[in-house]
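Encoded as C-alpha cells, the structure appears first; notes follow it.
The values are calculated or read from the model by the stated rules, or taken from the named source; none is laboratory data. In this text the structure is predicted, and so the values were computed from the model without any measurement. Glycine gets a Cβ as well: all are built from the backbone with ideal geometry, and neighbour counts include every protein chain shown. To get the accessible areas, we keep the full protein, side chains included, count just its heavy atoms, and leave off ligands, DNA and RNA. Shrake-Rupley method; radii C 1.70, N 1.55, O 1.52, S 1.80 Å.
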Protein chains: 4
Amino acid sequence: MARVVAAKENAAVSDVLILTTGGTIDKLYFDALSTYQIGESVVDRVLRTAQVKLPYRVAEVLRKDSLELTDDDRALIAQTVADAPERRVIITHGTDTMTHTAQALAGLRGKTIVLVGALAPARFAESDATFNLGMALATAQVAAPGVWIAMNGTIFDGLRVRKDRAANAFVAVD
Amino acid sequence: MARVVAAKENAAVSDVLILTTGGTIDKLYFDALSTYQIGESVVDRVLRTAQVKLPYRVAEVLRKDSLELTDDDRALIAQTVADAPERRVIITHGTDTMTHTAQALAGLRGKTIVLVGALAPARFAESDATFNLGMALATAQVAAPGVWIAMNGTIFDGLRVRKDRAANAFVAVD
Amino acid sequence: MARVVAAKENAAVSDVLILTTGGTIDKLYFDALSTYQIGESVVDRVLRTAQVKLPYRVAEVLRKDSLELTDDDRALIAQTVADAPERRVIITHGTDTMTHTAQALAGLRGKTIVLVGALAPARFAESDATFNLGMALATAQVAAPGVWIAMNGTIFDGLRVRKDRAANAFVAVD
Amino acid sequence: MARVVAAKENAAVSDVLILTTGGTIDKLYFDALSTYQIGESVVDRVLRTAQVKLPYRVAEVLRKDSLELTDDDRALIAQTVADAPERRVIITHGTDTMTHTAQALAGLRGKTIVLVGALAPARFAESDATFNLGMALATAQVAAPGVWIAMNGTIFDGLRVRKDRAANAFVAVD
C-alpha cells in the first residue's frame, strides 16, 4: 500500500544516480594489442535505447577491474553515495569483489543502493548487461533503503550473497 | 527491513510465472509478405542470455496485438493469474491497451503482477525489450502485491498510468 | 592474372557508389502506429561498423517498397548509374522486384553493378543485411562489368536469377 | 563475359570450404578468468543468419592467436588447402600475421583462397566480422585463383598488403 504510493511519487519526482566504477560490463576489446580494457561506460547508451524517461544522472567514479579496487577506492565510492542528493543510487561494478563493496556501503542510512555488473561485456551481442541494468533501475525505484545486488535475474540482499566463481553466478547465503 | 528478509527468501524459494499474450515485443518480420506478425515469445531466450538463475516458468496465454484483445481475453488472463500457484506474475503485453488489462487485474489479491511490453520488437538490435524484462523481473521480486507497469525505465502504479501515443511513452496520471 | 592487378588498383584508387532505393533492408518499426516504414538507410552505419577504408559514396535515389517501383523509377535508377563517375555501383533494393531492376540495367556498359537487399531488416539483431552488403562491396571490386545480384550467400548473374517467394530465397535460372 | 558464365555455374555447383584457425573473430570473454579466449567458430552461425544457400563446408584446422602460429602451423594450413577437393577456400585467421600466411599459400595453383578475420570479436554487437565474411564468400566465388585478403572493406592482393598496427587497418603496398 504505502509502496504503491511511493512508487507513483518516484515516477513523478525521483532522480536516480548511476555511478560507474568499471568492471566487465564496460570492457572493450582492442585487436591491435590483442587485449581488452575498460572503456567509457555503456550505461547512457543502454538507457537511451531502453527509452528511459525517468530522470537520471550518470557519473564516473572509477574505471577499474574490481579485483584492483583498494580500501581507498571503496571509501571514495561510499563517500560519493553519501554526498549525493539522490536517495536512489545504482553502482555499476566488477563482479569479483561486488560483495566487498556492498559491505563497505552497509553503514549508509536512508539510501536504496543497487550494485550491478555483468558476466559478459555489454558490447557483446549476448550479454546480461542490459537486462541487469533494467533490474537495477527497477530495484532502485521499488526496494526499501539498503544495499542490493542485481545479478543472475535475482535481487539479492547485498549483505547475504556471494559469487560462486566456479559456477560464474551469484548465490544467496544464509 | 522486512523487505530485506523477504527478498532473500525470494532468491531461495520463489517462482515467477511469465505469461505471454503477444504485442510488439514478440513481433517478427516476414519479407515474403512484407509484413510484421507476432512470433514465438522471445522471453525464454532473453532470460537465458541474461543468465537468470531464479526459477521461472513461461506460459503462452494469447498471441495478439493488444488492440485486438477482447473482454473475454482479459477475463482469461485474469483467471490464469488467479489460478496460478505463483504469487509473482509477469505478463508480456502489447502497449496500446496494457493499462486496460491492468484495470481488469485490479481485483486480484495477494499477487504481485507486472505488465511489461516493448516499443520496438525484441528481435531488433535496438529495442527496449530486454531492459524492460529486467525491470519486470526485479519488480516481481521486490514490489508489494498489486498491479505494476514497467515501461520507459519507470515502475508505474498500474492503475495510475496512461500511454501517451503522440510521445510514444507511458506517463503517470494523478 | 589481370584480375589480381585490377584488384590491387581498386584498393588504391577506386570509388564505389552506393545508391539506396528502399526495401526491407531499411525497414523501421513504429509502435505508435503498429506499422513499419522505410527509414533512413543503414548503409553508412553498417560500413562504419565494418571499418571500411575503401572510399565510397552513398546517395539516396528512392525510399520505396520494391513492389511499388514504377518504370519511371527504374529509368531514374538507370540514369543515375549511367551519370555517375564511379564505375562500380551498389544498389540497395527491395527483393521482390530486384530482378526487374536488374533487367532495366542490362544495357549499361562498362559498369560493375551489384544489386543487394535483405530478407530481414538490417535493424533486426538477426538479419542478412550486413553480410549481404559485405558480399556486394567485394563483388563491386572484383567482378567484371555487368549486373550482379548478391543474396543468399551467392553472387548471381543478375539476368539469370529469380526470387522463389515460397522459399523466400533467390535461385539461379538457366 | 566468361566471368558471368562462371558465376552462374558457381551458384549451381560450387562448394566453398571454410577453414577456421582462430584469431580475434572467434574470441570469447570469460568473466571468471577476466580474460578472452578463442571459442568455437562463429562462422556457421553467421552464415545461417545470412540465409546462405550456397553449399559450403566448415572445418577447424587450428584455434590460435595468429601471433602464436608456427611454420608448422602454416604448413598444415597449406596442406589442408592443397588436399581439399574444393577450388574455393576461405580461411578465418587472426589479423596480426595474416599476411605471413598469405605468403605461405602463394605457391598453391588453381585455388581461389581468401584470408579473412576481424578487428573486433564476432560476438561483439559492433564487429566487422559478419561484413568481412560476406566479402570473403563473394570473393571466393568471383575472384580469379590466387591469394586474397578481405579486410577493411577492401579486397587486397594477399601478397601486396600489410597490417598497419598503429592505424589498426590493412593497407595496400606496392
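Quick check: anything in the stretch C:134-146 in contact with a Gly (Cβ under 8 Å, 6 or more places away or on another chain) and over 23 Å from D:Ile18 (Cα atoms)? Yes: the stretch C:134-146 contains one or more residues that are in contact with a Gly (Cβ under 8 Å, 6 or more places away or on another chain) and over 23 Å from D:Ile18 (Cα atoms).
Comparison of D:Ala106, D:Ala122 shows that the only residue that is open to solvent by 20 Å² or more (accessible area, probe 1.4 Å), more than 9 Å from chain C (Cβ to nearest Cβ) and in a loop (DSSP other than H, G, I, E, B) is D:Ala106. Of all residues in the stretch C:60-75, those satisfying the criterion of being surrounded by 15 or more Cβ atoms within 10 Å (Cβ to Cβ), in contact with a strand residue (DSSP E or B) (Cβ under 9 Å, 6 or more places away or on another chain) and farther than 14 Å from C:Ile18 by Cβ are C:Arg63, C:Lys64, C:Asp65, C:Ser66, C:Leu69, C:Asp73. Would you check if there is a residue in the stretch B:62-73 being under 17 Å from the mean Cα position of the chain (by Cα) and within 14 Å of chain A (Cβ to nearest Cβ)? The answer is no; no qualifying residue exists. The number of residues in the stretch C:147-173 that are open to solvent by 20 Å² or more (accessible area, probe 1.4 Å) and more than 19 Å from D:Asp15 (Cα to Cα) comes to 9.
D:Asp26 meets the stated requirement of being closer than 15 Å to D:Arg123 by Cβ, more than 12 Å from every other protein chain (Cβ to nearest Cβ) and open to solvent by less than 10 Å² (accessible area, probe 1.4 Å). Residues in the stretch C:37-59 that are open to solvent by 60 Å² or more (accessible area, probe 1.4 Å) and over 30 Å from D:Ile149 (Cα atoms): C:Gln37, C:Glu40.
In the set (1) of a type in the set (A, V, I, L, M, F, W, C); (2) within 12 Å of another protein chain (Cβ to nearest Cβ); (3) out of contact with any helix residue (DSSP H, G or I) (no Cβ under 7 Å at 6 or more places or on another chain), A:Leu76 fails one condition alone, (2).
Quick check, is C:Thr130 at the interface with chain D (Cβ under 7 Å from one of its Cβ atoms), assigned to a helix (DSSP H, G or I) and open to solvent by 10 Å² or more (accessible area, probe 1.4 Å)? Steps first, answer last, please.
Values: at the interface with chain D (Cβ under 7 Å from one of its Cβ atoms): yes; assigned to a helix (DSSP H, G or I): yes; open to solvent by 10 Å² or more (accessible area, probe 1.4 Å): yes.
Taking the combined requirement at face value, the residue satisfies it.
When the strands (runs of 3 or more DSSP E) confined to the stretch D:14-86 are screened for residues that are modelled with pLDDT of 95 or more, those reaching at least 1 such residues are found at D:16-22, D:56-64. Look at (1) open to solvent by 20 Å² or more (accessible area, probe 1.4 Å); (2) farther than 19 Å from A:Lys53 by Cβ and you find that B:Ile91 fails only one, number (1). Residues that are at the interface with another protein chain (Cβ under 7 Å from one of its Cβ atoms) and either under 10 Å from the mean Cα position of the chain (by Cα) or in a strand (DSSP E or B) (or both) within the stretch B:134-161 comprise B:Met135, B:Leu137, B:Gly146, B:Ala150, B:Thr154, B:Ile155, B:Phe156, B:Asp157, listed in sequence order.
For A:Leu115, the test of being modelled with pLDDT of 95 or more, buried (at least 19 other Cβ atoms within 10 Å of the Cβ), under 15 Å from the mean Cα position of the chain (by Cα) and part of a strand (DSSP E or B) is passed. Count of the stretch D:103-158 residues, restricted to those that are touching a residue at least 60 places away in the same chain (Cβ under 8 Å) and farther than 16 Å from D:Val46 by Cβ, is 2. How about the stretch D:43-61: which of its residues are within 12 Å of chain C (Cβ to nearest Cβ) and among the hydrophobic types (A, V, I, L, M, F, W, C)? Answer for the stretch D:43-61, where residues must be within 12 Å of chain C (Cβ to nearest Cβ) and among the hydrophobic types (A, V, I, L, M, F, W, C): D:Val43, D:Val46, D:Leu47, D:Ala50, D:Val52, D:Leu54.
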